[in-house]
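Engineer: Below is the structure I would like to discuss, written out as structure tokens.
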Amino acid sequence: MGTQYMMQAGLASGMSATEGINSPHPKPVDPNLSDPPYVLPADVIPNSRSRIALHGYGGKDVPIPYLSIGTWAWGDKATFDYDATIDLPRIHVAWEKLKSVGLTFVDTAQSYGNGESERICGTLFKGMPRDSFVVQTKWFSGGLSNTLMQSRGPKARLKASLGRLGLGYVDIYLVDGPTHGSMISTVAQGLADCVEAGMTRAVGVANYDTQEMIQMADELAELNVPLAVAQCEYSVIRRLPEVSGMIRECKKRSICFQGFASLAEGRLTGKYSSLNEPRRTLRFSSYPMHMLEPTINVLKSIAAERRVPVPAVALNYSINKGVVPLVGVRTVEQAEQNMQALGWRLTEDEIHRIEKFSIQGNTSSLMQHG
């Protein structure tokens, strides 16, 4: 069975934080636990050319935009019904639009479409100067072979990724979830081997909880490698990394926090309603739409006042909270909507309006620890 189908089966069985034994009823956010409205300094108004410096190996920073393009849907049939005949030309058109404004930071993974996402990314990078884009991929850390290989697992899988991408190195290499059978210290050694071999410029983790992230950062520090990135699901309807203190810990340690499912797989775009539910394979923050209507309504209201698309409001919210949002793009229309999250900032009052209807979210014991 391919990794894309394994991942979908895992999400259905409880790897996602709204499946399995979790309560289906959203939990509101305790305002005493939330971060201030402006975690990103109020005088910073990022545009598509603005960059954040990640701490790379050997003291060399890796500059990234304030918005990343998620590519899980590229090549994935199990969750997104990818059709190369229809979708691939659209992806190329969307990429040209993103390139024209400098939003060329893509997040992919070995498990996305059984590696097809990485291959598609490779077609987009052809002919581009290597310093004109940033690519982040993730080590598929599950499976017996990774456990048997111990610290050699990340490097072996990254070599295959580089072949699919057609590159000599990636900019950022993440551990794709805390599902590895090896100890964190062993995985840290594997990541260090990758940077020392010049196969990646920076490393990070996805779906670790705060203590696991700290342990990885400490283990990597012993090997003179900084932990550059921590990635978890984060949006208006899953603020758990904020209220748990993870984002604060990242800020304290100069670790970039990235939030995936920033639009809750379309639920925060205004596309869906109680009469038009998302398909069941879209499992992140998969509350029934009638429970999300108050949240969607306030996003729509602010979007109308601002004359921007609804997704731009949801993404701008994440940016204000000190998060680099990852957002999926398959069409030029989606690219144009998402780009409008940059160049302006929600007011403190608007953020408070949104937060009245935000949701804390859950963890899962299998995958989403953070």
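Here, each number is a calculation from the coordinates, and none is a lab measurement. For clarity, every value in this text was computed on a predicted model and none was experimentally measured. Cβ sites come from the backbone with ideal geometry, for glycine too, and all protein chains shown count toward neighbours.
Engineer: Can you put HIS25, HIS180 in order, fewest other beta carbons within 10 Å first?
Structural biologist: Least crowded to most crowded, the residues run HIS25, HIS180.
Engineer: Taking the chain as the reference, fit the longest principal axis to its C-alpha atoms, fit the long axis of helix 210-222 to the helix C-alpha atoms, and give the angle between the two in degrees, 0 to 90, nearest 10.
Structural biologist: 30
Engineer: Please report the antiparallel percentage of the DSSP beta bridges confined to the chain, to the nearest 5.
Structural biologist: So the antiparallel bridges amount to about 15 percent of the total.
Engineer: Another question, then. Here are some pairs, LYS27/LYS138; LYS77/LYS271; LYS138/LYS251; LYS60/LYS138; LYS27/LYS77; which of them have Cα atoms lying more than 24 Å apart in this structure?
Structural biologist: Listed pairs above 24 Å: LYS27/LYS138; LYS27/LYS77.
Engineer: Can you spot the lysines whose alpha carbon is less than 17 Å from LYS99's alpha carbon? Ignore those fewer than 8 places along the same chain.
Structural biologist: Cross-link targets: LYS126.
Engineer: Between the range 115-130 and the range 37-87, how many Å separate their Cα centres?
Structural biologist: About 15 Å separates the Cα centre of the range 115-130 from the one of the range 37-87.
Engineer: To continue, here is another question. What full-extension length gain, to one decimal in nm, is calculated for GLU96 and ALA197 as 0.36 nm per residue of separation minus the Cα-Cα distance?
Structural biologist: 33.2 nm
Engineer: Within the range 325-347, which residues have the backbone N less than 19 Å from the label spot 7 Å out from ARG307 along Cα→beta-carbon, could you tell me?
Structural biologist: 336-347
Engineer: Using only helices, what value at 222 nm comes out for the chain when you add -39,500 (n - 2.57) per DSSP H run of length 4 or more and divide by the total residues, to the nearest 500 deg cm²/dmol?
Structural biologist: Counting only the DSSP helices, I get -11000 deg cm²/dmol.
Engineer: Hey, what D do you get for the range 221-350 in µm²/s if you plug the Kirkwood alpha-carbon radius into Stokes-Einstein at 25 °C and 0.890 mPa s?
Structural biologist: Approximately 158 µm²/s, per Stokes-Einstein.
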